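Undergrad: Sharing a structure below in C-alpha cells format, with a few things to ask.
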Amino acid sequence: MSEHTITVAGVAVDTRHWIGGERVASAQTFPDVSPIDGSTIGGISRGTAMEAAAAVAAAKAAFPAWAATSRAERARILHAIADGVEKRIEELSIVETTDNGALLRSHRRGVMPRVAHNFRFFADWLLKLEHEDFETRGHTNHVSWDPAGPSVLITPWNAPLMLATWKVAPALAAGNTVILKPAEWTPLTASLLADIAAEAGLPAGVLNVVQGYGSEIGDALTSHPDVRRISFTGSVPTAKRIAESAAANLTPLSLELGGKSPLLVFADADLDLAVDLAVEQYDNAGQVCLAATRFLVEESVAEEFTRRFVEKAGQLTQGDPRGEATDIGPNIHPLQLEKIDGFVQRAVAAGARAVIGGHRKDGQYYAPTLLTAVAQDSEIVQEEVFGPVLTLQTFATEDEAVRLANDTRFGLAATLATGDPERAERVTAQLVAGTVWTNCFFVRDLQAPFGGSRHSGVGREGGTWSFDFYCDLKNTVTSPNGWNNHG
Ligand code: NAD
C-alpha cells in the first residue's frame, strides 16, 4: 500500500489524483473530515492549475481513440464498470457514509445500486440512440451524435458518487473523455470509481479524477480552451463563476443548481399521504436539491396537516448514519451547520415560529425544523437553506397557491398533493419547475429530462437529452443524385 493510501472503515482509498491512468500526488494536501464525529479521515491531494492542465491534456490525448471506439465496446466497458460498482457496494457505501454522513442503509439499498444503474442505463441507451431519417425533396437527412471532446464534470457533496456518475456515465457513453472534480468535502468515492473504471478496462486518460478546492483548481478546468463540455451540479454563485470562465471559450454548459421547491397540499388530498411526502423532505438531513422545503397548505386543512406532520416528524430518529434505525444523520460540515442556524435564527428574529426544532443539537446535527408565520418575501422563504429546515404557509385559493409556488427565483421541482386529477393538470401547467410530482416524490427515471428552470439551472440531462448535451449533433443531407454508377 502506498503512503498515499488511507484506510477508511477498512477500505483502502488512494488520496491522489488519477490522471492519464496514473496516480499523481500534489505538493500539498487538504484535510478530509467526517461529519459523523468531526475526525480527520486523511489528507487529500490539493490540486492546482498544474494538475488541471495535466488532466485536460490526458483527456485530450485519449479522446480520438475513445471517440472512435465502437458503441458496442463503449457499452461493454460501461457495463463492466457497473459490475465493479455492484461488487463493491458495501465498500462504496461505508466510505460514502463516512465521508458525507448520509445514511448507510440508503447507500446500500438505494444509492449505490443506482450508481451501477447509471452506467447500465446510458450504455443501453447508447445502443438504441437514433433519430429516424427523414426526407427533404428526395434528399435524406440523417442525424448523428458525434463525441464532443474532453468534458469537465464538477459535482457537490450531498450525493457525491450518485451525482458524479449521473454525468460520468453519459459523457463516457457519448464517446467523450472526462475530468471529474468531486467536492472537497467528499473526495473519496470518486477515487474508488477511478480504480473500478481502470479494473473494468477503461483506457488510460478516458476518465481522470482531480481533487482540490474549487477556488484553486476549478477555474483552471473551466476556462481551459481544450475543454468541450462543462457539466456542473452545485450552487448558484459557483455556477455564475463557472459560466464566466466558460464564456471565454464559448464552452457549452449544463448547470444543475439549487432549489426552493414547494409542496402544495390541497384540501382534497389524502392527508396521510401528504404528511408522508412532507416528512420525506428531511431526507439526507435536508441536503437535497429537489427537496420540497416550502409547504403551501390550503387553509381549511392546515391545522390538521400540521398536527399530523408534527406527530410523524417526532417519530424520526436522528443520530449516527451507520445505524440501521437512523432516519436523519449529521449535516456535512460545521460551516454548513452555521449557515443553517443563521437562516433559522434570522427567520425567528423576523417573526417566524418554530413549530418543531429551530436549534442545533450536539455534534454536527440540526434539529428537524418547521417554521410558520413566515412572509413570502422573507429570506427563509426565498433562499435555499440546504438543511432540515422547512416552512409552512397557507393559501385560500388555487390561484394563490400557484402564485406562492412560483414566487421565488428557483424552478427545480414541485410536489402536489391533491385528490383531483383535473386540478393536478391545471396547476401543473402553471408551475415553473423542471419536475412536477403528483401524490409522489423523488420518483426518477433516467430517460426523463432532468434539470431546473430560472436559477435552478440551464439545460436538461437524462436519456437522449444527455447525449444531445455531451455530443456535437450532426445532420447529414444526402442527395439521391450524383453517385458514380458502379453498376
Ligand atoms: P458548491 O457550488 O459550493 O460546490 C460544488 C462544486 O463546485 C464543488 O466541487 C466545488 O469544489 C466546485 N467549485 C467551487 N468553486 C468553483 C470554481 N470557482 N470553479 C469550479 N468549480 C468550483 O455547491 P455545494 O455546496 O457543494 O453543493 C450544494 C449545492 O448544490 C446546493 O445549492 C444544491 O441545491 C446544489 N445541488 C443541485 C443539484 C441538482 O441536480 N440541481 C443536485 C445536488 C445539489
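Undergrad: If you bin the C-alpha pair distances of the stretch 262-438 every 5 Å from 0, what whole percents do you get?
TA: The percentages, shortest bin first, are 1, 9, 19, 22, 21, 15, 8, 4, 1, 0.
Undergrad: Stick to Cα atoms and the Kirkwood definition of Rh, then tell me Rg/Rh for the stretch 383-487.
TA: Taking Rh as the inverse mean 1/r over Cα pairs, Rg/Rh reads 1.24.
Undergrad: In deg cm²/dmol and to the nearest 500, what is the mean residue ellipticity at 222 nm of the chain if only DSSP H runs of at least 4 residues count, each as -39500 (n - 2.57), divided by the residue total?
TA: It comes out at -11500 deg cm²/dmol, rounded to the nearest 500.
Undergrad: Over its Cα atoms, what ratio of radius of gyration to 2.2 N^0.38 Å does the stretch 126-234 give?
TA: Its radius of gyration relative to the 2.2 N^0.38 Å reference: 1.27.
Undergrad: Can you return the aspartates and glutamates within cross-link range of LYS87? Criterion is Cα-Cα under 18 Å, with same-chain partners fewer than 8 residues away left out.
TA: LYS87 reaches GLU96, ASP195, GLU199.
Undergrad: Only bridges whose two residues both fall in the chain count here: according to DSSP, what percent of them are antiparallel, nearest 5?
TA: Antiparallel bridges make up about 45 percent of those DSSP assigns within the chain.
Undergrad: Ratio of alpha-carbon Rg to the 2.2 N^0.38 Å globular estimate for the chain, to two decimals, please.
TA: 1.02
Undergrad: Another one. May I ask you to list the lysines whose Cα is less than 22 Å away from that of LYS361, ignoring any residue fewer than eight positions away on the same chain?
TA: LYS312, LYS339
Undergrad: Next question. Long-range amide H contacts for THR438: which residues qualify at under 5 Å (H placed 1.01 Å from N, peptide plane, sequence gap of 5 or more or a different chain)?
TA: LEU416
Undergrad: Counting other C-beta atoms within 10 Å, which of LEU78, LEU392 has the fewest, and how do the rest follow?
TA: LEU392, LEU78
Undergrad: In what sequence, highest mean first, do 309-318, 288-297, 41-50, 245-254 appear when ranked by Cβ atoms within 10 angstrom?
TA: 288-297, 41-50, 245-254, 309-318
Undergrad: Continuing with this model, one more query. When ranked by the protection proxy of mean other Cβ atoms within 10 Å per residue, highest first, what sequence do the peptides 157-165, 198-206 form?
TA: Top to bottom by mean Cβ count within 10 Å: 157-165, 198-206.
Undergrad: If you don't mind, there's one more thing I want to ask. Could you give each residue of the stretch 385-402 its phi-based ³J(HN,Hα) in whole Hz, using Karplus coefficients 6.51, -1.76, 1.60 with θ = phi - 60°, and x for Gly or Pro?
TA: 8, 6, x, x, 10, 10, 10, 10, 10, 10, 9, 9, 10, 4, 4, 5, 4, 5
Undergrad: Still on this model: Residue separation times 0.36 nm, minus the C-alpha to C-alpha distance between ASP362 and THR428: what's the value?
TA: Contour length minus Cα-Cα distance gives 19.6 nm.
Undergrad: Check the straight Cα-Cα distances from LYS474 and name the lysines below 30 Å, setting aside those fewer than 8 residues away within the same chain.
TA: LYS60, LYS128, LYS167, LYS181, LYS240
Undergrad: Mind checking the dipole of the chain: about its Cα centre, +1 per Lys or Arg Cβ, -1 per Asp or Glu Cβ, Debye to the nearest 20?
TA: So the magnitude is around 980 debye.
Undergrad: Here's something else I'd like to know. So how tilted is helix 299-313 from the main axis of the chain? Cα-based, degrees 0 to 90, rounded to 10.
TA: That helix lies at roughly 70 degrees to the long axis.
Undergrad: Let me ask another. Per the Kirkwood treatment, what hydrodynamic radius in Å, one decimal, follows for the stretch 1-84 from the mean inverse distance over all distinct Cα pairs?
TA: 15.3 Å
Each value in this text was obtained by applying a stated rule to the coordinates, not by laboratory testing. Predicted model only: the values in this text are computed from it and were never measured. Virtual Cβ from ideal backbone geometry, glycine too; neighbours counted across all protein chains shown.
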